[in-house]
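Novice: Have a look at the structure that comes next, please.
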Amino acid sequence: MLDLRKYSSLGAALRAALERWPKEICLIEADRDRENCRLTYRQFKEAALPLARALQDSGLVAGARAAIIMTNQSKWLISAYAIFYCGGVLVPLDYKLTAAEHLQLLAHSKAETLVVEYHLWRAITQAESFAELDVKTVVVTEAPATADLHGARRWEEFQNNREPVFVERTRDDWASIVYSSGTGGRPKGCVMTHENYLEQCRTLASLFPFWPGVRYLSILPTNHAIDFMIGFIGPFVCGATVVHLRTLRPEFIRDAFTRYHITYMTLVPMILKNLERGMRQRFDALLPSRRRMLDRAIALNRALTRRRPRLRLSRLLLRDIHQAFGGRLRALFVGGAFTEPSTLQFFYDLGIPVGNGYGLTEAGTTITLNDFKPFRADTVGKPLPGTEVRIVNPDSEGIGEVATRSKMVMSQYLDDPEMTAATIVDGWLMTGDLGRLDPAGHLQLFGRKKNMIVTEGGKNIYPEDIENTFEGIPVKEFCIFAANYVWPQRTMTGEQLVLVMRLDDNTQFNDELRSQIVERNRRLPDFKRVSGCLIWTRDFPRTASLKIKRDTLAEEIRATIHRSAIISI
């Protein structure tokens, strides 16, 4: 891989990679059973530079902000590199958000340029607040020739073959603004520097090196902090290949493993659990004699790999299983949310190590990672090299808030010094998660101190961000809590959202109110829906500026009402 200590920006490192491995395949875009494109590093460069020149001609200068809203595809990475080449600040937005949410974050980020897929742009133009969009240049991909683009430019026509000017940046300059949450509420735009990314990449590669010939299967959205690092920056600066799969259907994921001989892949816990479930069903369907043979092979592999993975041995003992994964899989990575230890152990016993990590967008993705020395399913691993972790205000069992400090921690929340000061204290990032460091230096997690939940799909849900959905229900006041925040439980699973309501005087919780709540709840995606309601009989405590004192209210509820009082909806 490149020696990232020599480079001052992502643009410089990626530029060097394109020059160093011109004939290696850098990117394959697959969609179901067909391959859309296959690019060498030289071809990737030839596709990106005309876009970079056109962006410069349109006014993209050093420090200007440029957003991308696209599904996984080659144009995402090409656009990102072109933005970095121009010295721009990347704003990667989740394509699964609504058009209204996209418009909100585009406004908050002050993006001057937008590269967007056609069907997403069409939805944005139909949103009520589209007229308020203040983006100077919009480039649309995959647009039909006759489509009305509402003043946007077509990707195929937005090219200039004159040589662009490479704009160098320093390590302290902003590289991106990544939104960990904030749609509908208080936006949380994490400002990441070039130093954050270069140090993260260098550290991760020291534990799990990539090289030319390695193939990484990318199924998570590239805007996701994990896949941006492990499915773009990491492979590129090592001369490896990224295989973008534009579908999540299991049969096509299985086909990609064997067709492309995948080396690594990152999943969220929900997908990993589904994969485990499918494999267990196939094992259960075996004839009794074959199932006994499989169980003996798994037991032998478990005994022989107790101290460390032994891939060649596992591939020999469990040949059919490994062939189904393409025969060259070295490890899976999982992150974004808590993973059940039993699932991690299931794959390890098959000779498929799962690198279980813990991190936050604010910490440059990864704080701790299991290095398999030895493998432990009961923890989220040890701090990365160069990363400090400490437990703040531990109780008698050593459990307290996890704090971290490193060169990978974000510089700030965009335009929010108050939230930045509350989150980064004396150089330490306060994660809001409760944990304990064991004698071996491994981190164990026990729940959350902050009012949020993380879904199995890796989505961060801050209750405040979805309260506007329930505006107008006939109650005096309301707010939403994560149940485990109000009634702390030492678990990272079973999280749910609760709608706490102060009813108007002389009113009751009746069928009409329930139906209104249910109807509004249905407007939300499944992972954002509240699970129940709670009736509170006193006015909410408020600040002088009339904001709800959420921590005080949570304490009062905790002291007065048992969790069993939640009314299911």
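The values are calculated or read from the model by the stated rules, or taken from the named source; none is laboratory data. Note that the structure is predicted; figures quoted are calculated from it, not measured. In this analysis, Cβ positions are derived from the backbone assuming ideal geometry, glycine residues included, and neighbour counts consider all displayed protein chains.
Novice: Taking the conditions exactly as written (surrounded by fewer than 13 Cβ atoms within 10 Å (Cβ to Cβ), within 16 Å of PHE478 (Cα to Cα) and assigned by TED's automatic domain parsing to the domain that holds TRP487), does THR560 satisfy them or not? It would help to see each step written out before you state the result.
Specialist: Values: surrounded by fewer than 13 Cβ atoms within 10 Å (Cβ to Cβ): yes; within 16 Å of PHE478 (Cα to Cα): no; assigned by TED's automatic domain parsing to the domain that holds TRP487: yes.
The answer is no for THR560.
Novice: For region 464-474, state whether one or more residues are in contact with an Asp or Glu (Cβ under 6 Å, 6 or more places away or on another chain), at pLDDT 85 or above, more than 20 Å from ALA403 (Cβ to Cβ) and of a type in the set (D, E, K, R). Before the answer, list the steps.
Specialist: Narrowing region 464-474 to residues in contact with an Asp or Glu (Cβ under 6 Å, 6 or more places away or on another chain): none.
No, there is no match, as no residue in region 464-474 is in contact with an Asp or Glu (Cβ under 6 Å, 6 or more places away or on another chain), at pLDDT 85 or above, more than 20 Å from ALA403 (Cβ to Cβ) and of a type in the set (D, E, K, R).
Novice: Can you list the helices (runs of 4 or more DSSP H) found entirely within region 223-325 that contain at least 2 residues being at pLDDT 95 or above and farther than 22 Å from ASP31 by Cα? Talk me through it step by step, then tell me what you get.
Specialist: Working: elements: 225-228, 250-260, 269-284, 288-304, 311-317, 319-324.
In region 223-325, 269-284, 288-304, 311-317, 319-324 are the helices (runs of 4 or more DSSP H) which contain 2 or more residues that are at pLDDT 95 or above and farther than 22 Å from ASP31 by Cα.
Novice: Still on this model: What number of residues in region 125-175 are small (Gly, Ala, Ser) and either surrounded by fewer than 11 Cβ atoms within 10 Å (Cβ to Cβ) or assigned by TED's automatic domain parsing to the domain that holds SER411 (or both)? Talk me through it step by step, then tell me what you get.
Specialist: From region 125-175, those small (Gly, Ala, Ser) are 127, 129, 131, 143, 145, 147, 151-152, 175; that's our starting set.
Next cut, either surrounded by fewer than 11 Cβ atoms within 10 Å (Cβ to Cβ) or assigned by TED's automatic domain parsing to the domain that holds SER411 (or both) only: 131, 145, 151.
The qualifying residues number 3.
Novice: Considering only residues that are surrounded by fewer than 18 Cβ atoms within 10 Å (Cβ to Cβ), closer than 27 Å to ARG215 by Cα and of a type in the set (Val, Ile, Thr), which ones fall in region 29-70?
Specialist: Scanning region 29-70 gives a single hit, THR40.
Novice: Still on this structure: Being part of a loop (DSSP other than H, G, I, E, B), at pLDDT 90 or above and surrounded by 24 or more Cβ atoms within 10 Å (Cβ to Cβ) is the filter here, so list the residues in region 365-388 that pass it.
Specialist: THR366, ILE367, VAL380, LEU384
Novice: Return the pairs, sorted by first residue and then second, in which the second residue is β-branched (Val, Ile, Thr) and part of a helix (DSSP H, G or I), the first residue lies in region 79-103 and is more than 16 Å from ALA54 (Cα to Cα), the beta carbons are less than 6 Å apart, and the residues are 6+ apart or on different chains.
Specialist: LEU90/ILE83; ALA99/ILE124; HIS102/ILE124
Novice: Within region 525-565, can you find the residues that are assigned to a loop (DSSP other than H, G, I, E, B) and of a type in the set (Val, Ile, Thr)?
Specialist: Step one: list which residues in region 525-565 are assigned to a loop (DSSP other than H, G, I, E, B), which gives 525, 529-531, 537-541, 543-547, 549, 561-562.
Passing the criteria: VAL530, THR537, THR543, ILE561.
Novice: For region 159-166, does any single residue satisfy the condition of being closer than 24 Å to CYS238 by Cα and part of a loop (DSSP other than H, G, I, E, B)? Let's see the steps before the verdict.
Specialist: So the first thing to find is which residues in region 159-166 are closer than 24 Å to CYS238 by Cα, and the list is 166.
Okay, now just the ones that are also part of a loop (DSSP other than H, G, I, E, B), so 166.
Yes: one or more hits.
Novice: When LYS528 is evaluated against the numbered criteria (1) more than 23 Å from the chain's Cα centre (by Cα); (2) under 17 Å from ILE461 (Cβ atoms); (3) not hydrophobic (A, V, I, L, M, F, W, C), which criterion, by number, is the only one it fails?
Specialist: Condition (1) is where LYS528 drops out.
Novice: Next question, about the same structure. Every residue in region 276-306 that is surrounded by 19 or more Cβ atoms within 10 Å (Cβ to Cβ) and free of Cβ contacts under 8 Å to residues at least 40 places away in the same chain, please.
Specialist: ALA297
Novice: Taking ALA205 and the conditions (1) surrounded by fewer than 21 Cβ atoms within 10 Å (Cβ to Cβ); (2) in contact with a Gly (Cβ under 8 Å, 6 or more places away or on another chain); (3) in a loop (DSSP other than H, G, I, E, B); (4) of a type outside the set (S, T, N, Q), which numbered condition does it fall short on, given that it satisfies the others?
Specialist: Evaluating ALA205 over (1) surrounded by fewer than 21 Cβ atoms within 10 Å (Cβ to Cβ); (2) in contact with a Gly (Cβ under 8 Å, 6 or more places away or on another chain); (3) in a loop (DSSP other than H, G, I, E, B); (4) of a type outside the set (S, T, N, Q) leaves (3) as the failure.
Novice: Taking only region 1-28 into account, find how many residues are within 17 Å of TYR197 (Cβ to Cβ) and either surrounded by fewer than 16 Cβ atoms within 10 Å (Cβ to Cβ) or aromatic (Phe, Trp, Tyr) (or both).
Specialist: The qualifying residues number 4.
Novice: Would you pick out the residues in region 107-123 that are within 14 Å of ILE68 (Cβ to Cβ), surrounded by fewer than 23 Cβ atoms within 10 Å (Cβ to Cβ) and among the aliphatic types (A, V, I, L, M)?
Specialist: Result: LEU120, single match.
Novice: Which condition from (1) surrounded by fewer than 16 Cβ atoms within 10 Å (Cβ to Cβ); (2) at pLDDT below 95 is the one that ALA421 breaks?
Specialist: Single failed check for ALA421: (2).
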